[in-house]
Amino acid sequence: MEHRKVEGGGGRPGPTSKSAAGRAIVVGPYLRVRRGERDIADATRDVDARLDEITGLARAIDLTVADAVLAPISQIRPATYLGKGKVEDIVGVIAAHSVELVIMDCALSPIQQRNLEKAWNAKVLDRTGLILEIFGRRATTKEGALQVELAHLNYQRSRLVRSWTHLERQRGGFGFLGGPGETQIEADRRLIGERITRIENEIKKVQATRRLHRAGRQRVPYRVVALVGYTNAGKSTLFNRLTSAEVQAADMLFATLDPTLRALTLPHGGKAMLSDTVGFISNLPTQLVAAFRATLEEVVEADVILHVRDISHEDAEAQLRDVDIVLRQLKIDPDAGGRVIEVWNKIDRFPPGERENLENIAARRPPERPCYLVSAETGEGVDRLQLAIEDHLAQHRVTMDIAIDASDGAGISWLHRNSEVLVKTLHDGQFEMTVRVDPTKREIVLHRFNSRVRPGDRSEPGGAPGDPSI
């Protein structure tokens with residue numbers, strides 16, 4: 001076992017007189033990489049970065065991490081996940097730090113969790129349980145709270161233990177021949193099942209409300225641009241930079257949980273809706289992907305998806321794969337259609353030479369997977385990104401040439417409000433205008449300005465409704 005540096009000192013600190021409440025140790029039980037296994041997703045991740053990440057997750061719920069222990073294993077033990085020797089070693093670490101909580105950076109089965117708690121005489125929390133705890137604290141909206149509770153109940157239902165056999169209900173049958181009635185664990189499972197049913201019904205109502213809101217936005221209509229990315233990649237900072245909003249942005253894992261929508265003004269005056277979503281993470285619990293499917297519908301329905309990456313992170317490529325996995329779970333192919341734009345954030349952390357190298361790499365990317373270098377903190381590259389967003393949203397719009405009398409103030413005003421005016425010149429008492437409109441408004445423009453629409457309407461086939469109005 002190896003002890004890695006934690007905040008306040010490295011190695012193994014001595015015993016402390018402070019209370020164990022709020023103190024924990026984290027354990028990284030990572031499989032040793034064998035020859036020929038580098039293609040496995042977790043095998044390509046840096047173990048120090050993985051241990052730093054689980055330590056950051058623990059601190060995200062205000063835990064004091066007393067020690068971070070790297071415990072490489074050759075195989076997973078069915079009973080305790082770790083081998084017997086490492087289980088005994090960690091007993092000494094727990095005693096040295098006087099902690100009552102051990103966080104395992106892996107997914108434990110109920111029996112593994114129970115056996116480790118008995119061996120260590122301490123509460124054990126696996127990666128899934130820790131992420132659920134964070135989400136439970138951060139959910140502020142009704143929908144977020146319901147989704148987290150649903151995921152937590154589904155997780156907890158499999159971890160009920162038979163602790164209260166003395167609380168059996170009345171015996172079944174007559175006399176002494178019948179067996180015991182409903183035990184406490186059965187009653188708990190029944191109550192959890194009933195609560196899950198109630199929450200699922202409430203979430204269905206919330207989903208219906210969200211569908212109504214989305215339908216309303218489509219009638220306006222506004223295109224939706226969604227921010228996705230690994231947690232702490234800088235999504236909220238970029239969101240604030242693009243929309244002048246004040247969404248919480250902190251150097252903290254899962255600083256943003258509940259989705260936020262704000263109007264995004266594009267360079268030529270068009271508008272779209274920008275959505276900030278929950279950050280993804282490696283080994284994101286399947287319960288959360290399922291529970292947050294309603295929230296992630298904004299991503300599924302988005303016209304453009306900005307995949308924000310912390311390009312300065314040592315595990316940037318592994319984080320890219322983790323986000324791609326979640327997107328594919330949502331039936332979104334990151335490599336198809338040019339719908340996903342990669343945003344390489346935090347370039348301000350690179351010296352000029354390395355930054356130029358990154359720009360050359362970005363320029364050689366295939367057109368179906370474009371990327372742009374930005375610094376959400378300083379604003380560098382954001383203008384270019386906004387132009388790229390506008391170009392992607394305009395791909396299926398209709399470009400029209402219109403001649404309109406300069407005295408038709410109402411018509412000119414209508415065009416400015418409902419289209420993107422690309423060219424406007426005055427000639428012989430008429431404005432000659434080149435405008436770009438949503439396909440849904442093409443017929444309106446033809447009808448209202450029928451005698452002034454020039455031949456050769458430059459319509460682009462395959463258009464989809466929903467471009468922003470101006």
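What follows is calculated from the coordinates using simple rules that are stated; it is not laboratory data. As the structure is a prediction and not an experimental result, all values here were calculated from the model. When we count neighbours, we look across all protein chains shown, and the Cβ atoms used for this are built from the backbone with ideal geometry, even at glycine.
Taking a Cβ cut-off of under 12 Å around Trp120, the surrounding Lys, Arg, Asp and Glu residues balance to a net charge of 0, with basic ones at +1 and acidic ones at -1. Quick one: Debye curve from the alpha-carbon atoms of region 298-397 only, equal weights, vacuum; give me log10 I(q)/I(0) at q = 0.19 Å⁻¹ to two decimals. With one equal scatterer per Cα and no solvent, log10 I(q)/I(0) is -1.00.
If you plug the beta carbon distance of Glu88 and Thr209 into 1/(1 + (r/R0)^6) with R0 = 45 Å, you get a FRET efficiency near 0.25.
Label-to-label distance, Ile444 versus Ile111, with points set 7 angstrom from Cα along the beta-carbon direction: 6.4 nm. Ranked by the mean number of other Cβ atoms within 10 Å of their residues, highest first, the peptides 205-213, 318-326 fall in the order 318-326, 205-213. Summing charges over all other residues whose Cβ lies under 15 Å from the Cβ of His307, with Lys and Arg as +1 and Asp and Glu as -1, gives -3.
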